[in-house]
Structures are given as C-alpha cells and as structure tokens.
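The block underneath contains the structure these notes are about, expressed in structure tokens.
The values are calculated or read from the model by the stated rules, or taken from the named source; none is laboratory data. What you are looking at is a predicted structure, and each value in this text was computed from that prediction instead of being measured. Every residue, glycine as well, gets a Cβ built from its backbone with ideal geometry; the counts of neighbours run over all protein chains shown.
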Amino acid sequence: MENSYWLKKWEQNDIGFHKNDTHPYLLNHFSSFIKDTHNNVFVPLCGKTIDMVYLAQKKLHVTGVELSEEAIRAFFNENSIDFTINSNVFSSPQVDLIQEDLFKIKVNKYDLIYDRASFIAIDPNKRNQYWDKLKILMHEKSYYFLILLEHIDIMTKRPPFPVTPGLVYDYWGKDKVNLIHQEKVIPPPKHSDYDQEGWTESAYIIEL
Ligand SMILES: C[S@@+](CC[C@H](N)C(=O)[O-])C[C@H]1O[C@@H](n2cnc3c(N)ncnc32)[C@H](O)[C@@H]1O
C-alpha cells in the first residue's frame, strides 16, 4: 500500500477500520500484559484509535505514529484533549502523536507496543521490515500486544491482509509468543467476495 492510499482514505472519510469503542481484547486482556515496570506504550499506525485514550487513562505515556495529520488532529479534537504542535509531533501531557512514516521514525525504546489493525494494514511484502522495525523499539522486558485477522489460505488484494496461522511463531519464535485469545469471525465487509469460512481473530503477547 502506498502512503497516498491511506491519505486518500482519510481525505474521503473512508475509515471503516475505526471503532468508536475501546477494543474488547484490550479491555479484557490489559491486565495480562501490563507489568508494574511498564510506563509507556507505542502505537504504530495509530489512526485516531480511542484505544489510546484507554491506555493513557491507565497512566501509560502513549506515543503513536501516523501518516495522516487529519487523523491526528481528529484524535485530539474528538476526545477534547488540548495539544501543542512541535514540527511533526502533536502533544498533550499524556499522548504524543508523530506524523511520520513508521519506517522513518527515530528509534526509542518502549515498554509496550499495542498493535490493532496495524500489522494487517501493512503490505504483505513489507511484513518483515515492519516487524524488524518494531523489534528495535523493544527492550528485553517489553511486551508486544498484537491483534490479527487470520485465514488458513486466503490472501486478499486489499487491507486488512489476513495472516496465515504460524506466521507469528515463525518470525518471533514459538517460546516468545503467547496466544491469549482466538475466536471465529466473519470477514470484514470489504472482503465479502472471499470465502466466508475459516476466518479467526487472534491476540498474542510477544516478548523478545
Ligand atoms: C487500518 S488503519 C488502523 C488504525 C488504528 N490502528 C486503528 O485501530 O484504528 C491503518 C492506519 O495506518 C496509517 N498508516 C499506514 N501506513 C503507515 C505508515 N507507513 N506509517 C504510519 N502510518 C501509516 C494509515 O493512515 C491508517 O490510519
């Protein structure tokens, strides 16, 4: 996916991926991936997800990265959060949103990474590059909370791009990955032309 694909989606308000409620997996599993030592969280490809409000309410400092200025401004405005702008960083005391391509951001270390609809938005041929980038943002005590759409043998032509079960284990290593949730789902409306069977949504906690 070219960056222009996403910018156009925001321009046209074609943002079916955005949810108005906090993601249920985040609500249900937060306590399993938070540690006393965790102070900050990185949200790649953050859009204007309201999940960042939940994470901030949990006293984590949130850093998001997002291509679209429109999405970033909408996040602050729709949640009535005052912000300042310094170059490409939009900041409130608890949340910094960087308007940038994830692949170009400077390296920092984060205690948590929260990934919902982000890995599956990435062009499948850039998946390793995406995970290589996230890996260098983690330290030895970081957790990566990853929510995926999976299908055994379908690869769609447009996002969300489903993942074959096993891909996570192959990249991160079986002993580093904990599958904490899996349920059958119907495919997103944009994939109604594909087989309706065999889709699952899964949540993983991953360590280095
Ligand atoms: C499918 S949406 C998911 C947004 C968010 N995670 C959520 O749950 O609503 C993917 C987002 O990633 C942004 N994006 C795509 N490629 C990006 C990149 N290389 N760097 C930063 N943001 C990107 C898009 O603008 C879009 O807002």
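Which one of these does I81 not meet: (1) away from the ligand (no atom under 14 Å from the Cβ); (2) closer than 27 Å to Y5 by Cα; (3) outside any helix (DSSP H, G or I)?
(2) is the only condition that I81 fails.
Pairs, please: C-beta under 6 Å, at least 6 apart or cross-chain, first residue over 23 Å from E11 (Cβ atoms) and free of Cβ contacts under 8 Å to residues at least 40 places away in the same chain and in region 33-56, second within 16 Å of the ligand (Cβ to nearest atom) and assigned to a loop (DSSP other than H, G, I, E, B)?
What qualifies is V53/N79; Y54/T22.
If L179 satisfies every condition in (1) without any contact (Cβ under 8 Å) to a residue 40 or more places away in the chain; (2) under 18 Å from the mean Cα position of the chain (by Cα); (3) part of a helix (DSSP H, G or I) but one, which is the exception?
(3)
Is region 30-52 home to any residue that is modelled with pLDDT of 95 or more, under 14 Å from the mean Cα position of the chain (by Cα), more than 11 Å from the ligand (Cβ to nearest atom) and under 21 Å from Q129 (Cβ atoms)?
yes
Residue-wise test of (1) under 16 Å from V41 (Cβ atoms); (2) more than 15 Å from the ligand (Cβ to nearest atom); (3) among the small types (G, A, S); (4) in contact with a Leu (Cβ under 8 Å, 6 or more places away or on another chain).
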| residue | (1), (2), (3), (4) |
| --- | --- |
| K58 | yes, yes, no, no |
| G64 | yes, no, yes, yes |
| F75 | yes, no, no, yes |
| N86 | no, yes, no, no |
| P93 | yes, yes, no, no |
| D101 | no, no, no, yes |
| K106 | no, no, no, no |
| K109 | yes, yes, no, yes |
